[in-house]
Amino acid sequence: MTLVKFNNGLKNNARGPFFNDVFDSILNDSFLGDKLVARIPAVNIAETENEFEVELAVPGLKKEDLKIALDKNILTVSAEKKTETVEGKKFSKREYSYNSFSRSFTLPESADQSKIEADYTDGVLKLTITKKEEAKFQSREIAVK
């Protein structure tokens, strides 16, 4: 069975329908657009009283695909997943693709580099970076003289 694109009620040009379909396929197909778009995961960074939280949206990956490294004060999150070959199938079009990415974050001086935890749940990688004890917010009451 072959899937065929068809003209959704648009007028046929004098050059013929095949000519239009070729250019429509080249210019409007997701093949070019998907390959040119950078695939860098979105990130949320939050700060609480005791820690920093970094969340990356990385759906479709497994824990084993993720690599987290710390070099001095640079925290790098990366992943690489290669396309698997499928024996016995002949694809007329294949849009599944697996790419690699790398995101780096400079940790502030107040971050305790020895206390970094990572949790991967439902496509979201959550990094929790504890603050140093002396960098935590200290609240106190100031007397008026």
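Whose amide H sits under 5 Å from the amide H of Val124, counting only residues 5 or more places off or on another chain, with H placed in the peptide plane?
Those lying under 5 Å, H to H, from Val124 are Val58.
Near the amide H of Ala111, under 5 Å away, which other amide H atoms are found, from residues 5 or more places off or on another chain, if H is placed in the peptide plane?
It is Lys132, by chain and number.
Every read-out reported here was derived from the displayed coordinates using simple, explicitly stated rules and does not represent laboratory data. All values derive from a computational prediction rather than experimental measurement.
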